[in-house]
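Trainee: Below you will find the structure I want to go over with you.
The values are calculated or read from the model by the stated rules, or taken from the named source; none is laboratory data. What you are looking at is a predicted structure, and each value in this text was computed from that prediction instead of being measured. Cβ placement follows ideal geometry from the backbone for every residue including glycine, while neighbour counts extend to all protein chains displayed. Only protein heavy atoms, including side chains, enter the accessible area calculation; ligands, DNA and RNA are left aside. Shrake-Rupley method; radii C 1.70, N 1.55, O 1.52, S 1.80 Å.
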Amino acid sequence: MKNQMRNPTLLLLLLLSSQLCSVLSWKKDEFRNCNQTPFCKRARARKPSSSSLIAQDVAIFDGELTAKLFPEKTQENPDEQDQDRIKPLVLTLSVYQDGILRLKIDEDPKLDPPKKRFEVPDVILPEFSNKKLWLQKLSTETIGGDTGPSTIVYLLDGYEAVLRHDPFEVYVREKGGNRVISLNSHGLFDFEQLRVKRDGEEWEERFKGHTDRRPYGPQSISFDVSFYGADHVYGIPERATSLALKPTRGPGIEDSEPYRLFNLDVFEYIHESPFGLYGSIPLMISHGKSRGTSGFFWLNAAEMQIDVLGSGWDAESGISLPSSQSRIDTLWMSEAGIVDAFFFVGPGPKDVVRQYTSVTGTPAMPQLFALAYHQCRWNYRDEEDVEQVDSKFDEHDIPYDVLWLDIEHTDGKRYLTWDRMLFPHPEEMQRKLAAKGRHMVTIVDPHIKRDDSYFLHKEATEKRYYVRDATGKDYDGWCWSGSSSYLDVLRPEVRSWWAEKFSLENYVGSTPSLYIWNDMNEPSVFNGPEVTMPRDALHQEDAEHRELHNAYGYYFHMATADGLVKRGDGRDRPFVLSRAVFAGSQRHGAIWTGDNTAEWDHLRVSVPMILTLGLTGISFSGADVGGFFGNPEPELLVRWYQLGAYYPFFRGHAHHDTKRREPWLFGDRNTERIREAIHIRYMLLPYFYTLFREANTSGVPVVRPLWMEFPFEVATFSNDEAFMIGSSLLVQGIYTEHARHASVYLPGKESWYEVKTGVAYKGGRTHKLDVNEESVPAFQRAGTIIPRKDRFRRSSTQMVNDPYTLVIALNSSQAAEGELYVDDGRSFEFQQGAYIHRRFVFSDGKLTSLNLAPTPPGQAQFFSECVIERIILQGLSTGQKSALIEPENQKAEIEKGPLLLHSRQGPTVITIRKPNVRIVDDWVIKLL
């Protein structure tokens, strides 16, 4: 939802009109650009080789390489004033399992800086420290034309980390000498140190009538990072732009802004813009055909700006770097914090994602219902409206699992309350949905209404749990609730207190089937600078908001998810949707791409946005189907459902000023098309759930760019109109109205089978396909097996005991394989081994089911009576008529059957009917 006032009082309108007029539509000048951001402007003005730091006092301490970074001038021509301004910095290099290098640079606490610089807590997994490799010795080497030595550190078999002393530089190289990633190769490193203000100095910054006191003065950090063997770089969400990041500076690039990472409540965001949106994940991934994949992550929650530097940007620098390797240079700039950077060597794309999520955590395993379809609107008016919408889904035979309530369900925008005139019986309303296997989600935003009669505000005030303003008073900003304050969720005790508020006793009117939506948690402040909290607001231990801004929503998301876990006494997995996102958000729930618009361009850009989130750890993401703002034409809405059915998070949502757009309101034919799209999603739920488990264990995203599965095919590197779902499905969206043809690139050497028709297409080429309004192109990769459930119920919960279908797409070797993961769909018992995990392998004319779930003595068990009802064989070159099931020694018939069980006029395919083998058992089916 977005900041337009909903039935406000006249007083609130008068107070907010001057602030809100700026956000009624996208207005570029209401947000700062680089030239209006002093730290960014200073960093961009620096020239290559301007850094003069030298690494000295290199040693091993506590299993890490330590060194001091001295300014070069202090070695030759000491200047007393500069000495006072530029003090030695402390550097540490540490090595972790799987080829991860961590670099930290900070001020020396022994030199008494005015305060401790902020380090982002509770993002790195606690167990990550156990993966540290304790350094035993260092070696030195004089490299190239250097006059002095460099220190070499073992990183991984085949890889080394290098600390160049003079000038200071850190890089990772292959043992053969080729570089992978480097920092400060162009001498752009700058670290503005905290100091005491001098008489006459002006530290304050002003923007649009707001003043930032900046009591500690300039404290920014900037440096260059180079990726070697790279054809493209990706990552650093969130923004509505292409998957492959375009250069922002260099020859022929004029008036371009850096990619901005600063969580903001951006109204009707525009596509193809480097402007940052609701989330910030400072992870960049490079990929190229020659070298593979590498990654760089800077753990820093302050505002960040990143330039991707175009070829030739450094033509006059005089710096010589290896010319035999392609290279992409970048410039990283942050307002505050420290250097806490991670180098990931890859070398494959899945390796980099695995390495990154070993630091920040893999995605949480969601409940099964959360992967199904969600129906949302600002706002469903009352209990009668909820009941009518629910019954209409049943009347039109459209499954759904979750109904959402926006802020109008509350008592005067007081969260964790109900408007008892509109929702007099909330528990009964939820129980009626739960009786059909459905759930409800209510919105809970971080701004708390400043009302002494409101229990949350009263208690938070008494406990002094709010963020403070620069004078030390509870910060008072404006949001939906009017005058509001914001919890200091940086503090663990505040997060624990907030989590307790989701108990059934505290959240009166809630039931165990109710889950939560965190919106506006960037945080959004209607009358704040750039519609957010002032940078000089104060958190615990006088940490300034500027230092942790991008992580504020992350901590709120974390606390809310913890609350739902506590509510169920640790038994049930939480579901919490968040708009703001930061590194580590994947551990706490789902993300959506915010307040999009009902336009074809926004349908198109949803794909690279979701792909980018997946590359940076956030598997569970989606875009508002149909667009939040505006009224989509029926064709656009249908196309959005057809594409959105393949998003990891599948939700229809709309602004309260739009026309109602439930699936049955656009004529019978369009209702049928939308029903079909939603049915496809429910049919594929076993496959999606299996992929979410893969993400939960490895970090590899559910939805992937083509190059993640085909890393050596250059044609895939910048393709962000199509995407992979796991390794088996490829989906191509339709992004223009009245489309009759679509060009689809199918990678690889093997064939691809069209999901709806079973027609085979050759891989490694672009196909121009005829398309209609019934579906978007989707293909199963030859050599894969996909599990499905083909019977449709009202909700996913009612499908639990239904039989499975296996769709086998044979490759040129007449082989295929795939997996199925099943657990109870709701609890944490899978963490104790209570799950079924099977691998299906077809080769030499037989299908084998293999157990992948370890079963050590005493481990929890999960059992299912579900059977496999149909086995579809695509690409079978022989004409067998029956099959033998072992060890039962029973026969099953092979005959022609429908590819899609619910399709009346669909194609027929070779099918093993009713083998009725249980998914929990080992078995072999031989074709006779």
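Trainee: What share of Cα pairs, in percent, lie more than 17 angstrom apart in the stretch 595-638?
Mentor: 33
Trainee: Now a separate question. Cut-off under 13 Å on the C-alpha distance; same-chain residues fewer than 8 positions from K846 excluded. Which aspartates and glutamates are left, in chain and number order?
Mentor: Qualifying aspartates and glutamates at Cα under 13 Å: E817, E886.
Trainee: Something else: Can you put I86, I678 in order of accessible area, largest first, using a 1.4 Å probe?
Mentor: Details: I86 65, I678 0 Å².
Accessible-area ranking of I86, I678, largest first: I86, I678.
Trainee: If I ignore ligands, DNA and RNA and count only protein heavy atoms, how much of M365 is accessible to a 1.4 Å probe, in Å² to the nearest 10?
Mentor: 10
Trainee: Tell me, what ³J(HN,Hα) does each residue in the stretch 861-872 have, in order and in whole Hz, if you take phi through Karplus 6.51 cos²θ - 1.76 cosθ + 1.60 with θ = phi - 60° and put x for Gly and Pro?
Mentor: My calculation for the stretch 861-872 gives 10, 10, 10, 9, 8, 4, 10, 9, 8, 9, 10, 9 Hz in order.
Trainee: Continuing with the same structure: How about K749: which lysines have a C-alpha closer than 16 Å to its C-alpha, ignoring those fewer than 8 places off in the same chain?
Mentor: Correct list for K749: K762.
Trainee: With axes computed from alpha carbons, what is the tilt in degrees of helix 426-435 against the longest principal axis of the chain, rounded to the nearest 10 within 0 to 90?
Mentor: The angle comes out near 50 degrees.
Trainee: Mind ranking H425, H232, H679 by accessible surface for me, highest first, 1.4 Å probe?
Mentor: Numbers: H425 100, H232 55, H679 15 Å².
The ordering from most to least exposed comes out as H425, H232, H679.
Trainee: A further question follows. Based on the mean of other Cβ atoms within 10 Å per residue, sort peptides 372-381, 640-649, 864-873 so the most packed one is first.
Mentor: Working: 372-381: 22.0, 640-649: 24.7, 864-873: 19.6.
Highest-to-lowest ranking by the protection proxy: 640-649, 372-381, 864-873.
Trainee: If you roll a 1.4 Å probe over the chain with all protein chains in place, what percent of the accessible area is carbon or sulfur? Can you show the working numbers first?
Mentor: Details: 15850 of 33580 Å².
Answer for the chain: carbon and sulfur cover 47 percent of the accessible area.
Trainee: Between T140 and residues 5 or more places away or on another chain, which pairs have amide H atoms under 5 Å apart, with H built 1.01 Å from N, and which residues are they?
Mentor: Answer set, sorted by chain and number: I152.
Trainee: Please report the accessible area of H210 (heavy atoms, 1.4 Å probe, ligands and nucleic acids excluded) in Å², nearest 10.
Mentor: It works out to around 60 Å².
Trainee: For S220, tell me the accessible area in Å² from a 1.4 Å probe, rounded to the nearest 10.
Mentor: Using a 1.4 Å probe on the heavy atoms, I get roughly 10 Å².
Trainee: Can you work out the Karplus-derived ³J(HN,Hα) for every residue in the stretch 635-640? Use 6.51 cos²θ - 1.76 cosθ + 1.60 with θ = phi - 60°, whole Hz, and x for glycine or proline.
Mentor: So the Karplus estimates, Gly and Pro as x, are 4, 5, 4, 4, 4, 5 Hz.
Trainee: Among the listed pairs K473/K501; K392/K914; K28/K104; K104/K131, which have their C-alpha atoms separated by more than 26 angstrom in this model? Don't skip to the answer; put the middle values down first.
Mentor: Numbers: K473/K501 24 Å; K392/K914 34 Å; K28/K104 35 Å; K104/K131 17 Å.
Going by Cα-Cα distance, K392/K914; K28/K104 fall outside the 26 Å limit.
Trainee: Now for a different question. Can you give the calculated 222 nm mean residue ellipticity of the chain, where each DSSP H run of n ≥ 4 adds -39,500 (n - 2.57) and the sum is split over every residue, rounded to the nearest 500 deg cm²/dmol? Provide the component values of the computation, followed by the final result.
Mentor: Values: 16 runs with 163 residues, N = 928.
That comes out to -5000 deg cm²/dmol.
Trainee: Express in whole angstrom the spacing between the alpha-carbon centres of the stretch 190-257 and the stretch 595-636.
Mentor: Cα centres, the stretch 190-257 to the stretch 595-636: 27 Å.
Trainee: Further question: If packing is taken as the average count of other Cβ atoms within 10 Å, what order do 771-780, 655-664 fall into, highest mean first? Walk me through the numbers on the way to the answer.
Mentor: Numbers: 771-780: 19.6, 655-664: 16.5.
In descending order of packing, they fall as 771-780, 655-664.
Trainee: Express the accessible area of the chain per residue in Å², computed with a 1.4 Å probe while the remaining protein chains stay in the model. Provide the component values of the computation, followed by the final result.
Mentor: Numbers: 33580 Å² over 928 residues.
Roughly 36 Å² per residue, with all protein chains present.
Trainee: Another one. What does the highest-first list of 395-403, 53-61 look like by mean Cβ count within 10 Å?
Mentor: On the way: 395-403: 20.0, 53-61: 16.3.
The densest-packed peptide leads the list: 395-403, 53-61.
Trainee: What do you reckon, how do T757, T612 stack up by accessible area (1.4 Å probe), largest on top? Mind showing how you got there, number by number?
Mentor: On the way: T757 65, T612 15 Å².
Largest accessible area first, the list is T757, T612.
Trainee: Can you list the aspartates and glutamates whose alpha carbon sits under 18 Å from that of K881, skipping same-chain ones fewer than 8 residues off?
Mentor: Cross-link targets: D844, E869, E893, E895.
Trainee: What is the set of long-range amide H partners of G528 at a cut-off below 5 Å, with H atoms built 1.01 Å from backbone N?
Mentor: W478
Trainee: If you don't mind, there's one more thing I want to ask. Can you list the residues, at least 5 places off or on another chain, whose amide H is less than 5 Å from the amide H of I100, using H built in the peptide plane?
Mentor: none
Trainee: Indicate, rounded to the nearest 5 percent, the antiparallel portion of the DSSP beta bridges found entirely in the chain.
Mentor: Values: 160 of 193 bridges.
Given both bridge residues lie in the chain, the antiparallel proportion sits at roughly 85 percent.
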